[in-house]
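Following: one structure in structure tokens, then a few remarks.
Each reported figure results from applying straightforward, stated rules to the coordinates on display, with no laboratory input. Predicted model only: the values in this text are computed from it and were never measured. Cβ sites come from the backbone with ideal geometry, for glycine too, and all protein chains shown count toward neighbours.
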Amino acid sequence: MTKITKEEVKKVAHLARLELSEDQINNHADQLEKILEYIKQLEKIDTEDVPCTTRAIEVTNVFRKDENKNFDCNEELLELGPSREDKYFKVPKIINE
């Protein structure tokens, strides 16, 4: 396996819009090399008879029935916000027309 070069780390950092110091570049190159060595070890494991899974532990969703409930604390909640207009929270405009 070839060693991860500083130039490769710099290229990936540039693509990810990261500014790295020379020490960070060296550190990342070493860490990436160790990760790739570990992956190479994992590739040697025989997984032929291992079933595909998405999780190590099977998880099932617990759903509840949707119910309409009257909520009479609107005023109290609106008072907690930083700004309001009538019966709504007022937020800064983010879309220019």
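Numbers for the structure displayed
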{"item": "Pair list, Cβ < 6 Å and 6+ apart or interchain, from segment 30-49 residues that are within 27 Å of LYS10 (Cβ to Cβ) to residues that are of a type in the set (Val, Ile, Thr)", "result": "LEU32/ILE4; GLU33/ILE4"}
{"item": "Residue identified as over 27 Å from the mean Cα position of the chain (by Cα) and either within 30 Å of LYS6 (Cβ to Cβ) or in a helix (DSSP H, G or I) (or both) among LEU42, LEU36, LEU78", "result": "LEU78"}
{"item": "Yes/no for PRO92 being touching a strand residue (DSSP E or B) at 6+ places or on another chain (Cβ under 9 Å) and exposed (fewer than 10 other Cβ atoms within 10 Å of the Cβ)", "result": "no"}
